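K.L.:
My questions will all concern the structure given below.
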Amino acid sequence: MPSKKRRRKEERPKIHPKNKYSDNPPDFALLASLYPTFKPFVFYTREGRPRIDWTDFNATRELTRVLLLHDHNLHWWIPHGQLCPTVPNRSNYIHWIEDLLSSHIIPRDNTNGGNVRGFDIGTGANCIYPLLGASLLGWSFVASDMTDVAIEWAERNVKNNPNISELIEIRKVKCSQNTLSPEGLSGESSYSEEREGLPSSSLDISASEDKSYYGPAILVDVVRDGETFDFCMCNPPFFESFEEAGLNPKTSCGGTYEEMVCPGGEKAFITRIIEDSVVLKQSFRWYTSMVGRKVNLKFLVSKLREVGVTVVKTTEFVQGKTFRWGLAWSFVPPAKKIVTPDVTEKNILSFMLEGIQRQFGAIHVLQSVESFFLAGGASCKLNASSFVVDITASADHCNALLNNDVKYIDEVASCSNVQEAPSNLCFRILVFQQIPGTLLVKGSLQHRDSALSGFHLLFS
């Protein structure tokens, strides 16, 4: 049993490979020797390992300050009590968005002149995401928040770094008169894998399901007419009450009520982002948010399917024993999948079809595949119970399909030369429904001596 548990832990996702700290975690002893202000916060275990007291806000704030200065050449500070971010974790989120943008799942446009432009929802006094995104990758940002303290210190942190200050705009969100209580536009979670759920006495999930967000604008009425962005990002207020926010006694990352709490917690807040995205649609290539509870992630993905997004992506962020999730979605039609030459030796290819309307399932896709190949003169046999279609096509049929020279051939089913020619391409296509709106399409050659190049070109 112990070995199985160990094996499961080893298979957990790791810190992002592009993260500065993936192979070189912060060296507290080195930092203490270089920065005298950090030295008083470092102590040593019996084994001689340097540590800091994670329950001491001053220690965590000073660690963040020296990491930003030492590793990123960023000058940074926040007043006592404001949310203090952890640099490695925030870097994970930045690099995940970098992966989304470079994946070409969603095609790029040249609206912003080829420069990446992001929107940070609730930047807080720390302004950590714009500072990291601008310094690491040269991205530009609009960073929003609602409180005077957050705006003042975010602007200070930007101005104290003149090399990137022109890349970051701080934008204040006007508070609506209908705001019944202070809600934050940023937050921090200290959940670990072991503490993913809260004690039943502190959170009644069933009682909170109907809670909706009410508070300052998030995207609608903050994004200006005609503005376009490559992405938005958000570290939402995870909690429904300040008492709930203080449940983890092992860390002290600070955080004001406005940063940590909103009625309905992160579930209600991110749901509002989804609702805003339905209005703004393709003003953003990607909408993203961090999520602190896995149970909320499942609900939010279901919500996204309901509103008809084209793509949904999720990931898991890991820092020590702390686990969070990333959620991304888009209304931009996905780019066509292109098979590159380096995969032309594979006998099996697969890809995901996402954003399909819920009324269409695997059988509809199979029927479309069958119709397409029949139109090109190929021989097809569809097995509806197994969600499989077997296809046999000659070289002429393949060329016609690749050149879009498709004409219906009445005698396809009785074409003996199609079934017997040794140079024919024989392959099988299977379609699996993953969740409503998402299908896995797999193509496999039935004979190893079939023409590989024709298979890959057709399947792309």
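The values are calculated or read from the model by the stated rules, or taken from the named source; none is laboratory data. These numbers come from a predicted model, not from an experiment. Backbone-built Cβ (ideal geometry, glycine too); neighbour counts: all protein chains shown. Accessible surface is based on the protein model in full, side chains and every heavy atom, while ligands, DNA and RNA are left aside. Shrake-Rupley method; radii C 1.70, N 1.55, O 1.52, S 1.80 Å.
K.L.:
Would a scan of the stretch 14-37 turn up a residue that is part of a strand (DSSP E or B) and open to solvent by 40 Å² or more (accessible area, probe 1.4 Å)?
P.N.:
no
K.L.:
Can you tell me how many residues within the stretch 98-118 are open to solvent by less than 20 Å² (accessible area, probe 1.4 Å) and within 15 Å of LEU131 (Cα to Cα)?
P.N.:
1
K.L.:
How do the strands (runs of 3 or more DSSP E) wholly within the stretch 303-365 filter down when requiring 1 or more residues that are at pLDDT 90 or above, in contact with a Ser or Thr (Cβ under 8 Å, 6 or more places away or on another chain) and open to solvent by less than 40 Å² (accessible area, probe 1.4 Å): which remain?
P.N.:
By residue number, 311-319, 322-330.
K.L.:
A follow-up question, please. Scan the stretch 17-35 residue by residue and report those that are modelled with pLDDT of 95 or more and more than 13 Å from HIS70 (Cα to Cα).
P.N.:
ALA29
K.L.:
Then there's this: Search the stretch 140-163 for residues being assigned to a strand (DSSP E or B) and crowded, with 22+ Cβ neighbours inside 10 Å, and hand back the single one that is modelled with the lowest pLDDT.
P.N.:
Result: ASP145.
K.L.:
Taking the stated definitions as given, is GLY48 surrounded by fewer than 23 Cβ atoms within 10 Å (Cβ to Cβ), in the same structural domain as GLU166 (by the TED database), of a type in the set (Gly, Ala, Ser) and not in a helix (DSSP H, G or I)?
P.N.:
Yes.
K.L.:
Is at least one residue of the stretch 207-218 modelled with pLDDT of 55 or more, assigned to a loop (DSSP other than H, G, I, E, B), open to solvent by less than 60 Å² (accessible area, probe 1.4 Å) and of a type in the set (A, V, I, L, M)?
P.N.:
Within the stretch 207-218, one or more residues are modelled with pLDDT of 55 or more, assigned to a loop (DSSP other than H, G, I, E, B), open to solvent by less than 60 Å² (accessible area, probe 1.4 Å) and of a type in the set (A, V, I, L, M).
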